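See below for the structure under consideration.
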Amino acid sequence: MLKLHFAPNSRAVRILWLLEELELPYELNQMAFSPKDLKSDEHRARHPLGRVPVLEDGDITIWESGAITDYILERHKNGGLKPAVDAPEFPEYLQWFHYCEGMVMPPINTIVVHTLLLPPDRQDATVRGQAERLLVRSLEPVERAIAGRDYLIGNFSGADIMLGHSILMSHRMGHVGETMPNLNGYVERLKARPALQKAFRFDA
């Protein structure tokens with residue numbers, strides 16, 4: 001059985017969401033999103049940097065949410081969530097699948113560091129402001145692309161697990177504004193999915 005090492009309010013939600021969407025059996029090791037759990041010797045033996053998600057599949061241990069998502073779709077159950085290589089939508093699927101970590105998550109990470117992780121005297125409002133503007137710019141192509149569509153490539157796919165989670169984070173942080181009606185609609189469609197509701201049950 002697949003075993004997911006998980007902490008709430010993290011990228012590990014993506015994998016829990018995927019497992020629920022595919023209705024795969026899994027064991028969940030829920031940890032606190034804190035150094036006490038994530039930086040423990042036990043967890044560092046799974047992930048050298050003490051991060052989540054980590055997936056165990058028998059003798060295989062794999063980390064990085066994108067790699068885990070692709071691994072599950074390829075080895076366990078595609079379930080229609082990844083188009084075939086020769087499908088017309090495959091290039092766009094790849095683009096949005098990787099766009100989240102390449103373009104959307106870097107400014108989100110910076111914003112989180114300068115609002116939550118650093119003590120107030122080390123937070124830099126200028127750096128945070130630059131990241132907030134970059135995040136909005138990175139969301140604008142997605143706003144245009146999703147016009148007239150329910151999901152990123154039409155049908156729900158693994159790209160929605162990856163980039164959709166980043167859009168949900170952006171929305172929660174208040175950066176999907178009124179000028180992005182397509183993304184606001186997209187967020188509501190994602191939030192209505194029962195599998196996501198189950199994955200979010202641990203998040204504050």
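Assuming P8 fulfils every condition listed in (1) assigned to a helix (DSSP H, G or I); (2) modelled with pLDDT under 95 apart from one, which condition is it?
Result: P8 fails condition (1) only.
State which residue pairs qualify: first residue in contact (Cβ under 8 Å) with a residue 40 or more places away in the chain and assigned by TED's automatic domain parsing to the domain that holds S166 and inside region 110-133, second residue among the aliphatic types (A, V, I, L, M) and buried (at least 17 other Cβ atoms within 10 Å of the Cβ) in any location, beta carbons under 9 Å apart, and separation of 6 or more residues or different chains.
Listed by first residue and then by second, the contacts come to I111/A131; I111/L135; E132/I111.
The values are calculated or read from the model by the stated rules, or taken from the named source; none is laboratory data. Since this is a predicted model, take the numbers as computed values, not measurements. All Cβ positions, even for glycine, are placed from backbone atoms using ideal geometry, and neighbour counts span all protein chains on display.
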